[in-house]
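**Q** The structure is given below, and queries will be raised subsequently.
Bear in mind that the values in this text are calculations on the coordinates, not laboratory data. Worth saying up front: this structure is predicted, and the values here are computed from it rather than measured. Here the Cβ is made from the backbone with ideal geometry for all residues, glycine too, and neighbour counts use every protein chain on show.
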């Protein structure tokens, strides 16, 4: 574990991590969304270690993190008819939790993009991650720092539980302030206005994106189709304990001698879940407040607590699908056995 919490030692930390990455190692890095497992994106052998450590199938592409607007042009071929739109999106949301899917350049190894002709690119807003990307000089490929399909880590301690002993180092940069993976869009030049294909919901909501173009949700890929971008698989972000997302309290029929944990939005009685059953464990996303921003930050942390509580099944209460609620429900559906 490399402690990056002390500003006085951060230059030393960045230098140490850059050396590890330059030598082809993989390192868990903090971002504002979740912790990422980083490798030099232009080093195919290093990127292969990311897939191995995560046990991630090679048909699931990675996000490439850049350290500047200019570095985008090193890995992506931005079409002329998209240049103005891409520049506007970068200036509005970077550094931050927005990933752009763009045509890739040949320098990006095929393993990074899972053989796709496009590359997913973003610039993290976390100061440690930004400094490391800039120090390395090359972009960093960094999916979430967890075993494939499992709960994304929002703290260094969660990374230890997921990947301890499998990777070269873990940089502790504190808790992630967003708590959900980045929004992923594929921009397209439309006839009347640009089209933003929303491939994964995240902290940059549909409402924020609509002023830049028409936001469309593409059809979900079939089970035998390769994903177009990271985080699109039907089963993902899942605890080892079975999780069931309910539409209403009436859908819950408990089995005898089975221990149940409740993932509640804010613990409100009017939702009908809190008093529905004598729950063995109750965890709330936004205790007493019902604030989607807080719920998003706490989602993976609370899921991990429930997963480690010893219950036989986790019952999840739905949240309103507005704003950040869309991304929260997206993660709950992918984690659910329904």
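**Q** What are the principal axis extents of the Cα atoms in the chain, in Å, biggest first?
**A** Rounded to whole Å, the extents work out to 58, 51, 39 Å.
**Q** What relative contact order, as a whole-number percentage, does region 243-335 give when Cα pairs under 8 Å and 6 or more residues apart are counted?
**A** Result for region 243-335 is 38 percent.
**Q** Along the Cα→Cβ direction, 7 angstrom out, place labels at residue 240 and residue 45. What is the inter-label distance in nm?
**A** 3.4
**Q** With the alpha-carbon atoms as the only input, what is the per residue convex hull volume for region 226-289 in Å³?
**A** 137
**Q** Determine the percent antiparallel among the DSSP beta bridges restricted to region 149-280, to the nearest 5.
**A** If we restrict to bridges inside region 149-280, about 55 percent are antiparallel.
**Q** Now for a different question. Can you give me the C-alpha center-to-center distance between region 97-141 and region 33-79, rounded to a whole angstrom?
**A** That distance is 5 Å.
**Q** Related question: Have a look at the DSSP beta bridges in the chain and tell me what percent are antiparallel, nearest 5.
**A** 40
**Q** Given all pairs of different Cα atoms, what value in angstroms does the Kirkwood hydrodynamic radius of region 194-332 take?
**A** Taking every pair of different Cα atoms in region 194-332, averaging 1/r and inverting gives 16.4 Å.
**Q** Could you check the spin-label model distance between residue 312 and residue 253? Points 7 Å from the Cα along Cα→Cβ, value in nm.
**A** 1.6
**Q** Just round it to a whole percent: the fraction of Cα-Cα distances in region 77-226 exceeding 27 Å.
**A** Tail of P(r) above 27 Å: 28 percent of Cα pairs.
**Q** Next question. What is the gain in length, in nm to one decimal, between residue 322 and residue 278 on full extension, counting 0.36 nm per residue of separation less the C-alpha to C-alpha distance?
**A** Value of the extension gain: 12.9 nm.
**Q** Something else about it: Which one, 210, 71, 232, has the greatest fluctuation when you compute a Gaussian network model over the chain with C-alpha springs under 10 angstrom?
**A** With Cα springs under 10 Å in the chain, the top fluctuation among 210, 71, 232 is at 210.
**Q** Which FRET efficiency value, to the nearest 0.05, do you get for residue 11 and residue 208 by plugging their Cβ-Cβ distance into 1/(1 + (r/R0)^6) with R0 = 41 Å?
**A** For R0 = 41 Å, the calculated efficiency reads 0.75.
**Q** Mind putting together the pair-distance distribution for region 51-116? All Cα pairs, 10 Å bins, whole percent per bin, short to long.
**A** 18, 49, 28, 6
**Q** By what distance, in whole Å, do the Cα atoms of region 143-209 stretch along each of the three principal axes, largest value first?
**A** Reported extents, whole Å, longest axis first: 52, 21, 18.
**Q** Now, a different point. How high is the FRET efficiency from residue 73 to residue 169, r the C-beta distance, R0 35 Å, rounded to 0.05?
**A** That gives a FRET efficiency of 0.70.
**Q** Please report Rg (one decimal) and Dmax (integer) in Å for the Cα set of region 1-122.
**A** 15.2, 45
**Q** On full extension of the chain, what length is gained from residue 305 through residue 88, given 0.36 nm per residue of separation minus the C-alpha to C-alpha distance?
**A** 74.2 nm
**Q** Out of all Cα-Cα pairs in region 261-318, roughly what percent, to the nearest whole number, are more than 12 Å apart?
**A** 62
**Q** Next up: Pairs of Cα atoms under 8 Å, at least six residues apart: use those to get the relative contact order of region 2-216, whole percent.
**A** Over region 2-216, the number comes to 29 percent.
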